[in-house]
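This report refers to the structure that appears directly beneath it.
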Amino acid sequence: MDIQQINTYKSAFDEIMHNVNGDDGSNIEVWYARELQHVLGYARWENFAVAIGRAMQSCKTQGINIDDHFREVTKMVSKRRLVRQPAAPANPGMGGMY
C-alpha cells in the first residue's frame with residue numbers, strides 16, 4: 001500500500017468519525033458500522049455483520065473485553081415515511097469504534 005492509498009483511507013475514516021463523551025467526560029472517537037461498512041468495501045450489511053462477529057470472537061479469544069470496543073446502538077430509521085423501526089445494531093470498535 002502506498003502513501004496515497006493510506007491518505008485516501010485516512011480521509012474516508014475521518015469523514016465518518018463521530019465524537020462522543022465517555023463516562024469520565026473524555027472525548028472518544030467512534031465510527032458507526034453502517035457508515036464504516038462502505039469505507040471497508042462491504043456492499044451488503046449481512047456480510048459486514050459476519051466480519052463484525054469474527055472480530056468480536058477474536059477479541060474474546062484473546063481475552064479482550066469486547067464491551068471496550070463494541071457497542072450496540074439502536075437508531076430509529078424511517079421506513080416508507082410511515083413506520084419507524086430500529087436500525088440494525090452492532091457497531092464495531094477498533095480502539096474506540098462504537
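Using r as the Cβ-Cβ distance of VAL50 and ASN21, and R0 as 41 Å, what FRET efficiency do you calculate, to the nearest 0.05? After rounding to 0.05, the efficiency reads 0.85.
With neighbour counts taken as other beta-carbon atoms within 10 Å, the residues ILE64, ILE52 rank, fewest first, as ILE64, ILE52.
Just so you know, all these numbers are worked out from the coordinates, no wet-lab data involved. Everything numeric here is computed off the predicted structure, so don't read it as measured data. Don't worry about glycine lacking a Cβ; one is built from the backbone with ideal geometry, like all the others, and counts go over all protein chains shown.
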